[in-house]
Each structure stands twice: as C-alpha cells, then as structure tokens.
Amino acid sequence: MEIDAAASGAVLKRERVRDAVLELIEERRPGDAIPSERTLCAELGVSRPTLRAAVDELVVAGLLVREHGRGMFVAAEKITQELVSDRRAFSLPQAAGAWTSRLLEVRTLPAGARVGRKLRMSPAAPIHYVARLRLVDGSPMAIEYLHVPTDLVSDLTSEELEQGDLYEHLGERHDVRVSEAAQSIEPTVVTRAEADLLDVPELSPALLFERLTTDTRGRPVEYVHSLYRGDRYRIVSRLTLGPRDQAPPPGEGHHPGIPPGDFTTQDPVTLSTRGVVQGDGM
C-alpha cells in the first residue's frame, strides 16, 4: 500500500493541534472557555480548516462543547466505568492477522507538558515520537502515535517499529519488560485525511484508544493513542463476575450495561480482553 503524502501530512498536523487543544482542556475545569478559533490559529500557526478538524474530533469525543455565538467550552466530565483486572490473571492476547506498520514520522523531541505528565517526566525531557500506520494482512487498520522515554530506550530502529511486536522488542533488545497497561476506548469518527490513510469514507466510525504502559519496576514505558477502523475492529472482553449472594446493597451504585448485583464489592473483576479483526466481507 502506497502512503498518500498529503493525507499523512494533514493527519500529523491535525494531531499536533489536537494535542495542543487537549492540553488547554486539561488545564481547565468543566464549563471553562477555551480561546477562540481565530486566537488558536494565530497561536498555533495553523489554518482554520486544520484547527476546526481537530476541534470537531474533540467535540465528537465529548471533550468540548460548541455554543453558537458564545464560543467553545470544556465539556462536563464523563461517567467512567472501570473494570479492574485481576493482577494474577492479567491477559491481553494479540489480535488475529499478520500485523505490520508503515512509518509516517519518527522524531526525538521534548515530551511537553501533557505527555510529560503522563510519563511522569520533565516537559523538557526527550522522548521518541512515532506515528505509524498499522496494517493487518496488508490492509490499513489503525493510525498509531507512540511516545517512549529515551532514557529507557535509547533508540528504536525502523525494523522494530515496522515488524513484530514492539513489547517483545523492548524486552529482548532493550531489557524493558512491560507489566501493566491502563487503556481507555471511546467511539469517534475519522477526518478526511484519516479516511484516506485508512481507506474508508470520511466520517466513518472508529475507536479511539489511549494507553499508558508501565514496566515491571512501575516506570511508564509508553504513552500511545490510536485510531482504529470501526468497521473491521472490535473488542471482546471476558469477565468473571461475582457470586449473586455477594451482591452490593441497593443504592450503592451499579455498573452501566451490566445488571446491578452482578459484581462483588470486595474483589476485583477478572478481565481478559482481545481484539478481533473482521474480514473484508463482514
């Protein structure tokens, strides 16, 4: 598959704008205003369409609210349902298919305030920034953005980033052994440039992943967020639920999508998650 240089450039520029606006959101409280589009375009040095594409994505994701004639505001906090994995049985099998990558951009740059907070490092500390198109059996499946501290991994080769499992490479070649990951998944839609890279129509449904991975010593190893095609990728979770006779008393909350009383209040939920790549004909 040939990568469209114009689409790749547009996606990377929009990604940088998205990160800048996300940082503004994280510095504010729900209901607070963010600067106008004109102000942000001037501050970030981008065109109005580029800024609007990034803002539109954050509106769809429920992080920003547009009010006609008033401006843009930080949205109310989301209700989050957390499924805690049993540390003794943590499981994340690989998705089916032959996974490879095409590199869109590889740079070493300062972490910045937002990524620095996530990786627990100084904003001035260097990181490896990698943008890559993920393919399954040669078909585009996801756009992925990785941030890896250089003090843990001095260099990353093209071979490591394009072939095989990156976590295996980290363990075998860099003596960095991953242990746990906290990951969130939200629905979104793709922009025109993202659609060109993923070979889907504009505004097609997609899954937005955000993941922070730590090693066996508790150090952040990688912060990554990815955009997966919604038409060909789905998540399947297997949950071990608590006994019915240990159900929480009425009025002590429940788990959205799961009938009240199915989980115990004392023990964590045993969670196993795997990705499923659907065939082209599905």
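Couple of notes before you dig in:
- For beta carbons closer than 8 Å, sequence separation of 6+ or different chains, a first residue in the range 69-80 that is farther than 11 Å from Ile25 by Cα and a second that is loosely packed, with under 10 Cβ neighbours inside 10 Å and modelled with pLDDT under 85, the qualifying pairs are Ile79/Pro256.
- The residues on offer are Glu202, Glu194, Glu180, and the sole one that is of a type in the set (Asp, Glu), touching a residue at least 12 places away in the same chain (Cβ under 8 Å), open to solvent by 50 Å² or more (accessible area, probe 1.4 Å) and within 19 Å of Ala54 (Cβ to Cβ) is Glu202.
- Pairs are defined by a Cβ separation below 7 Å, a sequence spacing of at least 6 or placement on different chains, a first member in the range 17-30 that is open to solvent by less than 40 Å² (accessible area, probe 1.4 Å), and a second member that is basic (Lys, Arg); the pairs so defined are Asp19/Arg114; Leu22/Arg114.
- Neighbours by Cβ (under 7 Å, 6+ apart or cross-chain): first from the range 50-65, in contact (Cβ under 8 Å) with a residue 12 or more places away in the chain and open to solvent by less than 50 Å² (accessible area, probe 1.4 Å); second assigned to a helix (DSSP H, G or I) and among the β-branched types (Val, Ile, Thr): Thr50/Val17; Leu51/Val17; Ala54/Val17; Ala54/Val21; Val55/Val21; Leu58/Val21; Leu64/Ile25; Leu64/Val55
- If the condition is being closer than 16 Å to Ser226 by Cα, at pLDDT 95 or above, open to solvent by less than 40 Å² (accessible area, probe 1.4 Å) and outside any helix (DSSP H, G or I), then the range 97-115 contributes Leu104, Glu105.
The values are calculated or read from the model by the stated rules, or taken from the named source; none is laboratory data. Here the structure is a predicted model, which is why all the values come from computation and not from measurement. All Cβ positions, glycine included, derive from the backbone under ideal geometry; neighbour counts span all protein chains shown. Just the protein is used for accessible areas: all its heavy atoms, side chains included, with ligands, DNA and RNA removed. Shrake-Rupley method; radii C 1.70, N 1.55, O 1.52, S 1.80 Å.
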